[in-house]
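Q: Below you'll find the structure I mean.
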Amino acid sequence: AGSTIGVVGQEDAASLSAGCDKPFVEPGDYEGINDAGDASEKHWVVVPEGYAETAPVPLVLWLSSGGGGADPNYAGWKPYLSDAEVLFAIAGTERTQDADTLLALIDQLEAEYCIDLRRIHVMGESWSSWSVGQLACTGAERIASFLGGMGGFDASGCVPERPVPLIAITGDGDRYAVTRSVERWAELNGCAPDPHTEDLGSGVSRSTYQSCDGDVVSFDIEGVGHAFIFHECVGPTAGLCQAYAEVDQLDDALEFFEQHPLPE
């Protein structure tokens, strides 16, 4: 999935970050340090091919799904990012990241890279689910849409300033927590209570909530435990992954993100 940068139209107009006034870095992978919060923490930034020609680009902040730092998560996700046309920042979560710290990281990335401020998205599962939900809620005026799964992300006690579109994914191992979180976001987004559910085959179903102020879509997979879901499992995460033709947590997230910029 690619960004819609370059499409002419008011609904697609980009909002430029401060980094657009700086010389553009070459495509590649860069280490960074987020100095906000109680202690600094490392992150990786993957700058797409053609960055200078397509900037400003969307930003996707991908929080680690294990309790480790940025290095192992960068190594795990990198094999899946070769065709992505967005700027990926991969942040470690050696400790649970609070929303203010993550928003400060986004500030830093906006200052360093040419980012479309209307297309900032966050994704994460398992260990980072809580952080993803809190960031989407607390930073609702900046986070265009998000992906959550493999753990609860209902952002209890938080009411977002705007309905934040959500794409979710779950299976047998986390169905209860994820379903409750999806229902909570559907309520916050003003959706009708009963979603339309489609059988996609191979035990995969997709539920789309109706009449929402902010779209909510959820994939559920029968027979899947606590696992990553890609079309093809490669690299260091292959042993923690299950492959499906019907759903891919990255491809489907990027397609969803492309369709859900911040309102003009």
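Q: Report the percentage of all Cα-Cα pairs in the stretch 206-252 whose separation exceeds 13 Å, rounded to a whole percent.
A: When every Cα pair of the stretch 206-252 is considered, 61 percent fall beyond 13 Å.
Q: Taking Cα atoms, how many degrees apart are the long axis of helix 175-188 and the longest axis of the chain, rounded to 10 and kept between 0 and 90?
A: So the inclination is approximately 70 degrees.
Q: Before rounding to the nearest 500, sum -39500 (n - 2.57) across all DSSP H runs of length at least 4 in the chain and divide by the residue total; then give [θ] at 222 nm in deg cm²/dmol. Could the numbers behind the result be given before it?
A: On the way: 6 runs with 60 residues, N = 264.
One gets -6500 deg cm²/dmol as the mean residue ellipticity at 222 nm.
Q: First measure r as the distance between the Cβ atoms of Ala75 and Glu232, then evaluate 1/(1 + (r/R0)^6) with R0 = 25 Å and state the FRET efficiency to the nearest 0.05.
A: It comes out at approximately 0.90.
Q: Considering only the other residues whose Cβ falls under 14 Å of the Cβ of Asn189, what net charge follows from Lys and Arg at +1 and Asp and Glu at -1?
A: -4
Q: Related question: Please report, as a whole percent, how much of the solvent-accessible surface of the chain comes from carbon and sulfur atoms (probe radius 1.4 Å).
A: In the chain, the share of accessible area belonging to carbon and sulfur is 49 percent.
Q: Same structure, new question: Could you rank the peptides 216-225, 19-28 by their average count of other C-beta atoms within 10 Å per residue, with the highest value first? Walk me through the numbers on the way to the answer.
A: Numbers: 216-225: 19.2, 19-28: 12.5.
Answer by packing, highest mean first, reads 216-225, 19-28.
Q: Using a/c under 1.5 as the rounded threshold, could you call the stretch 109-264 rounded, prolate or oblate? The axes a ≥ b ≥ c are square roots of the C-alpha gyration tensor eigenvalues, and prolate needs a/b larger than b/c, oblate otherwise.
A: oblate
Q: While we're here: With an 8 Å Cα cut-off and a minimum separation of 6 or more residues, compute the relative contact order for the chain in percent.
A: 17
Q: Next question, about the same structure. Pull out a ≥ b ≥ c, the square roots of the eigenvalues of the alpha-carbon gyration tensor of the chain, then state rounded if a/c is under 1.5, prolate if not and a/b is larger than b/c, and oblate in the remaining case.
A: It is rounded, given that a/c, with a ≥ b ≥ c, falls under 1.5.
Q: Sticking with this one: Add +1 for every Lys or Arg and -1 for every Asp or Glu among the other residues with Cβ under 13 Å from the Cβ of Phe24, and state the total.
A: -4
Q: A further question on this structure: Taking square-rooted eigenvalues a ≥ b ≥ c of the alpha carbon gyration tensor, is the stretch 152-196 rounded, prolate or oblate, where a/c under 1.5 means rounded and, failing that, a/b exceeding b/c means prolate? Walk me through the numbers on the way to the answer.
A: Values: a/c = 2.14, a/b = 1.41, b/c = 1.52.
In terms of gyration-tensor shape, oblate.
Q: Percent relative contact order of the stretch 173-214, based on C-alpha pairs within less than 8 angstrom and at least six residues apart?
A: 36
Q: Sticking with this structure for a sec: What is the sum of charges, Lys and Arg at +1 and Asp and Glu at -1, for the other residues whose Cβ falls under 14 Å from the Cβ of Gly173?
A: Surrounding charge for Gly173 is -4.
Q: Which value, in debye to the nearest 20, describes the size of the charge dipole of the chain about its Cα centre when Lys and Arg Cβ atoms bear +1, Asp and Glu Cβ atoms bear -1, and nothing else is charged?
A: So the dipole magnitude of the chain works out to roughly 400 debye.
Q: Which of Ser202, Ala13, Ala136 sits closest to the plus end of the dipole of the chain, meaning its Cα is farthest towards the positive end, when Lys and Arg get +1 and Asp and Glu get -1 on the C-beta?
A: Ala136
Q: Given a Förster distance of 35 Å, report the FRET efficiency between Ala18 and Ser205 from their Cβ-Cβ distance, rounded to the nearest 0.05.
A: Working: r = 43 Å, r/R0 = 1.22.
Efficiency, from the Cβ-Cβ distance: 0.25.
Q: How large is the accessible surface per residue of the chain, computed with a 1.4 Å probe and reported in Å² as a whole number?
A: Roughly 41 Å² per residue, with all protein chains present.
Q: Right, next: Looking at Gly157, Ser65, Gly239, which one has the Cα that reaches farthest to the positive end of the dipole of the chain (charges on Cβ: Lys, Arg +1; Asp, Glu -1)?
A: Checking the options against the dipole of the chain, the answer is Gly157.
Q: Convex hull volume of the Cα atoms in the stretch 78-124, per residue, in Å³?
A: Each residue corresponds to 101 Å³ of Cα convex hull volume.
Q: Further question: Excluding ligands and nucleic acids, what accessible area in Å² is computed for Leu240 using a 1.4 Å probe, to the nearest 10?
A: Surface open to solvent at Leu240 totals about 110 Å².
Q: Next question, about the same structure. Normalised by the residues of the stretch 79-190, what does the relative contact order come to in percent, with Cα pairs under 8 Å and at least six apart?
A: Rounded, it is 21 percent for the stretch 79-190.
Q: Could you work out how far apart the two model spin labels at Asp100 and Asp251 are, taking each label as a point 7 Å from the Cα in the direction of the beta carbon, and quote it in nm?
A: 4.2
Q: Which FRET efficiency value, to the nearest 0.05, is calculated for Tyr30 and Glu161 with the Förster distance at 41 angstrom and r the Cβ-Cβ distance?
A: Details: r = 32 Å, r/R0 = 0.77.
So, using R0 = 41 Å, E works out to roughly 0.85.
The values are calculated or read from the model by the stated rules, or taken from the named source; none is laboratory data. This structure is a prediction, so every number in the text was calculated from the model and none was measured. Neighbour counts run over all protein chains shown; Cβ positions are idealised from the backbone, glycine included. Ligands, DNA and RNA are excluded from the accessible area calculation, which covers all protein heavy atoms including side chains. Shrake-Rupley method; radii C 1.70, N 1.55, O 1.52, S 1.80 Å.
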